[in-house]
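**Student:** Please see the structure below; I have some questions.
The values are calculated or read from the model by the stated rules, or taken from the named source; none is laboratory data. Just so we're clear, the structure is a prediction, and the values are computed from it rather than from any experiment. Glycine also receives a Cβ, built like all others from the backbone with ideal geometry; neighbour counts cover every protein chain displayed. Accessible surface is based on the protein model in full, side chains and every heavy atom, while ligands, DNA and RNA are left aside. Shrake-Rupley method; radii C 1.70, N 1.55, O 1.52, S 1.80 Å.
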Amino acid sequence: MASQGTSNGLAPVILNGHADHDEKHEEVPPRLSSSPAPLTDDEAEEGVGEQSESVATDDEEEDEEDDEEEEDEDEEPSLKYERIGGSLPDLLKKDSGSAITVCNKHLAMATHAGIIHILDLTGKRIKSYKPHLASVVDISFDETGDFVATASIDGQVVVHSLSTPEAYAFDMKRPMRTVAMEPNFARRSTRAVVYGGLAGTLVLREKGWLGHKETTLHTGEGPIWQVRWRSRLIAWANDQGVKIYDTVSQTRITYIDRPPDSPRADLFKCTLYWQDDSTLLIAWADHIKVARIRARPRINTTAATANLPPFVIEITAALQVDCMISGVVPHPTPIPPVSISPLDGFPSSTTAPQTLTSFLIIAYSPPETFVDEMTEDRARQARKAAERPELRIISRAGEELAADALSIADYQHWGCNDYSLAVVGGTDESTEGRSYVILSPKDLVIVKPRDKMDHVKWLVERRRYEEALEEVEKIEAEAVGGPGKEALDGLSVLEIGKKYMEYLVNEGDFLKAAKLTPKVCAHDPKIWEGWIFVFADKRQLQAIIPFVPTEHPRLDHVVYEMMLAHFLTHNRQMLLQTIKEWPWEIYDIPAVIVAIRAELDKSASTSTSISSAPSAVVLMECLAELYTANRQPGKALPFYLRLRRPNVFDLIREHNLFTDVQDQVLLLVEFDHELMEKRKKEGLPNADHSDAIKLLVDNIHSIPIARVVQQLQKRPYYLFLYLDALVEKDPQLVSGFADLQVQMYAEFATPRLIDFLRASNYYNLETAYNECKGRDLVPEMVFLLGRMGNNKKALTLIIERLGDVHRAIDFAKEQSDDDLWEDLLMYSETRPAFIRGLLENIGVEISPIRLIRRIKNGLEIPGLKEALIKILQDFHLQISLLEGCQTIMDGDSLDLSRALQRKQSSGFFLSAKTLCPICSKSLQDTPQSLTLLFLCRHVVHATCAYGGDKIPLLSDPIARGFGGSSSRGITGSIAFESMIRGRLSQGCPVCHKSGERVRV
């Protein structure tokens, strides 16, 4: 036998194709359905007996149909379909399905042979039993899925337990059409069930102590076509309409009539579905109604209102569609979140995703009828073939949201009442975990809402890779840990990205394809290298290079060198930028250097001038960067100097390249002064600061001064800056170049020359004098003549060239030479201005009388009177100062003498514990010892003083130790003191040792 489908028992439904119900149907390969499309001629020919002809009136109609087909193909379906396989095809091979119900993901399918099959969603048969001898027209599960109630045209109503032997069978003697069990049937002892049929009687049967009790709820208005029980309410439909009964109040609540001119009730069945405890969906023929049951408002009870039912009915929606309805269930329809623009003072917000309940219906289009059916033409007399049924989603407002053509086996033979629709799992508020089952006599199809991965597959099939890639990224981000390739069924970011890149490369959009490489290649170096070589073959390396990783992953060095070679040929500026940005260890630096040097040699750009071609300048920059990266800064330095790069000085200091610039001092200083001029024009700070001079001065141990001076001889100004910086650092450094320094100061900093002449002693006086004489620098000549001892010539220069009397006086004071003063006085005898200047500024060096006597009689000297008055005032002031100083000195001397006398004549406290500062023994250790008290207040043993051993001892014991005898009186004491003073050679031994800085 041919294969029954997939391993899990699910065989897919092909929306626009056709599958027979025989063995050929089982060989259809499993796949998900595609978007709906109109029925084609080939599909019609595959039907069992009838053909559907498609006639085009003209070319315009064909074009319109083609446009509609394209639009349908671009519209994504809302649902996906799979034909349930497993054991189901074998079960329906010689039988046909008539009714279905679902509970706890188990199916209970009734057949026209009166058999009940319990299946799972894969089509695996769990249990089968035969409670009836004819077609089962209605079937229902209780809430636990344990009891199955069935109604058959054999007049039997059977309630059967799947787990226990419990079963009930009721023979009503007339064909039954519908049956429903009370809520919580398995938990209720009443085991109530309601049923009806062609007899037109709706019966409620309950189990009691004495058996089953029957209650007729309604009769006399034609056959009962369907009944459904929810909570306390029972709804049923007959030829007149729909009625609702309250089991608690035992009253009929309302009556909902059928639409006028409705077709026959037995040909187009009524479908009742309780959406919740208070909402009933009614679908009959081509009409849909939504009935809302509400509690009756409490009002004042009167005789007229006392017997009213406790509920009222409100029709909240009434729709008419263009087809007959074989089944209806609620279908949650997601609404995408809506961004709300912010109001003043409030932040922007986004509403959460919501769902609206729409209708999911099986749309049946009855075959066309003809007015001349009484014709003898057999073709016209034959039963007309039905059209393919559709599954439609209709909003509460009547708008058709989606429509899918169903591929049902032998659909041409089935009528409206041959199809059934049931809900599997989920809730009416969300599509999560919710699906549907469609039953036809020869097919059982499961319908599921399309998920995000179905949407991705649909996008990929239509080559909308960019949208598919965004959706997959969102799915992987939402999934915990990220789903793998198997979980995404080959639709991972890598797989879709690969297809997208292949598509873009084939279309020639290389830039967009290159932007995808980080997602597609991720951290796989092999994939990266493969795509890079693809771009290289297409000569589009410039597109992918910006996205090539240099770390995580790191590719083969040949790949990076290939990209650098591409830039060397096509974009040298990009080559420089890439060398600066890329890590140096990812490619072979020497190999790249060789390639760039070869290119540089071709352009013959070996000149040290900056006027090279722009491309050569870029190449030199590349070489400088590469040599630096290759730890060869000495080779990079010449390129930096040629290029006039400001980082030259940092490079020299960082890599200690001072020895490399010994022979390039002039080039370095010239470059630095170009930078200084540039800073001056731009108004930058430190524009006068020379980095080159500072570098040379700070590193004289590596760059010898003599070598620098030799190279800077051609540019005296640079030489002056260098020597001047050395002087500021340490004047001793330029001792060997003092004469050259005099020349530099005389030319470039004349005001500072005199300071240098005064501070230095290393220059040649004669050479310096000749330099100053050649430049007519009189003050410097005067100073040099003074240092050479030619004071008279220096004074002559001051008087004759400068005419500055004050300078002449200062010069004479500095030299302290009386002959020089005499020459100055002689020169001033005939010059009144000099005489007055001398009178005003003369000091203690010469007497004013000496100058006044030299003034000739009759010589008119302007300001002489004032000058003399000033001299007299100065002398009076000087005499007053001297007298005041003498008075102060006399007073201070008297005060000091009195203080000295008072201290020397005062007593001295001597105790037994007082120690001698020389021998550190007690001064009164023995009664016979002689103790000496000096005017400096030091007390020592007589034997400890210098010469004290020559002092005779006193015979009087009372006077011993105090330097005298009480019987001798003052004269004897003075004599004894004089004798002691004469014997002591050095006075107080303590003061003597202190004066010699000997610690006592």
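**Student:** When you scan the stretch 512-544, how many residues do you find that are part of a helix (DSSP H, G or I) and either surrounded by 14 or more Cβ atoms within 10 Å (Cβ to Cβ) or touching a Leu at 6+ places or on another chain (Cβ under 8 Å) (or both)?
**Tutor:** Selection size over the stretch 512-544: 22.
**Student:** May I pose another question? Hey, does the stretch 171-178 have a residue that's open to solvent by less than 30 Å² (accessible area, probe 1.4 Å) and within 22 Å of Ser98 (Cα to Cα)?
**Tutor:** yes
**Student:** Same structure, new question: State whether the residues of the stretch 427-440 include one that is part of a helix (DSSP H, G or I) and polar (S, T, N, Q).
**Tutor:** no
**Student:** Filter the stretch 658-689 down to residues that are touching a residue at least 12 places away in the same chain (Cβ under 8 Å) and not in a helix (DSSP H, G or I) and give me whichever is nearest to Ala725 (Cα to Cα).
**Tutor:** Ranking the qualifying residues of the stretch 658-689, first place goes to His689.
**Student:** Restricting attention to the stretch 112-139, which residues are of a type in the set (Val, Ile, Thr), over 60 Å from the mean Cα position of the chain (by Cα) and either closer than 15 Å to Ala169 by Cβ or open to solvent by less than 40 Å² (accessible area, probe 1.4 Å) (or both)?
**Tutor:** Result: Ile116, Val136, Ile139.
**Student:** Of the numbered conditions (1) assigned to a helix (DSSP H, G or I); (2) open to solvent by 20 Å² or more (accessible area, probe 1.4 Å), Leu795 satisfies every one except a single condition; which is it?
**Tutor:** So Leu795 meets the others, but not (2).
**Student:** Test Lys93 against the stated conditions and say whether it is within 18 Å of Val445 (Cα to Cα) and not aromatic (Phe, Trp, Tyr).
**Tutor:** yes
**Student:** Moving on. Check Lys714 against each of (1) within 50 Å of the chain's Cα centre (by Cα); (2) outside any helix (DSSP H, G or I); (3) among the charged types (D, E, K, R) and name the one condition it does not meet.
**Tutor:** Unmet for Lys714, out of (1) within 50 Å of the chain's Cα centre (by Cα); (2) outside any helix (DSSP H, G or I); (3) among the charged types (D, E, K, R): (1).
**Student:** Something else now. Spot the failing condition for Ala397; the list is (1) among the aliphatic types (A, V, I, L, M); (2) open to solvent by 10 Å² or more (accessible area, probe 1.4 Å); (3) within 25 Å of Gly145 (Cβ to Cβ), and only one is missed.
**Tutor:** It fails just one condition, (3).
**Student:** Another question about this same structure. On the basis of being of a type outside the set (Phe, Trp, Tyr) and under 23 Å from Val328 (Cα atoms), does Gln156 make the cut?
**Tutor:** Considered against the rule, which asks whether it is of a type outside the set (Phe, Trp, Tyr) and under 23 Å from Val328 (Cα atoms), Gln156 comes out as no.
**Student:** Find the residue count for the stretch 746-766, including only residues that are within 12 Å of Phe720 (Cβ to Cβ) and aliphatic (A, V, I, L, M).
**Tutor:** 3
**Student:** Same structure again: I'd like the full set of residues that are at pLDDT 75 or above, open to solvent by 20 Å² or more (accessible area, probe 1.4 Å) and either in contact with a Phe, Trp or Tyr (Cβ under 7 Å, 6 or more places away or on another chain) or closer than 27 Å to Arg902 by Cβ (or both), limited to the stretch 935-966.
**Tutor:** Once the filter is applied, which keeps residues that are at pLDDT 75 or above, open to solvent by 20 Å² or more (accessible area, probe 1.4 Å) and either in contact with a Phe, Trp or Tyr (Cβ under 7 Å, 6 or more places away or on another chain) or closer than 27 Å to Arg902 by Cβ (or both), the stretch 935-966 yields Leu935, Cys936, Arg937, His938.
**Student:** For the stretch 549-657, please list each of the helices (runs of 4 or more DSSP H) lying entirely inside it that holds at least 1 residues being free of Cβ contacts under 8 Å to residues at least 12 places away in the same chain, surrounded by fewer than 14 Cβ atoms within 10 Å (Cβ to Cβ) and out of contact with any strand residue (DSSP E or B) (no Cβ under 7 Å at 6 or more places or on another chain).
**Tutor:** 557-570, 572-581, 589-602, 614-629, 648-655
**Student:** Checking the conditions here, which among Phe909, Phe875 is loosely packed, with under 10 Cβ neighbours inside 10 Å and of a type in the set (A, V, I, L, M, F, W, C)?
**Tutor:** The unique qualifying residue is Phe909.
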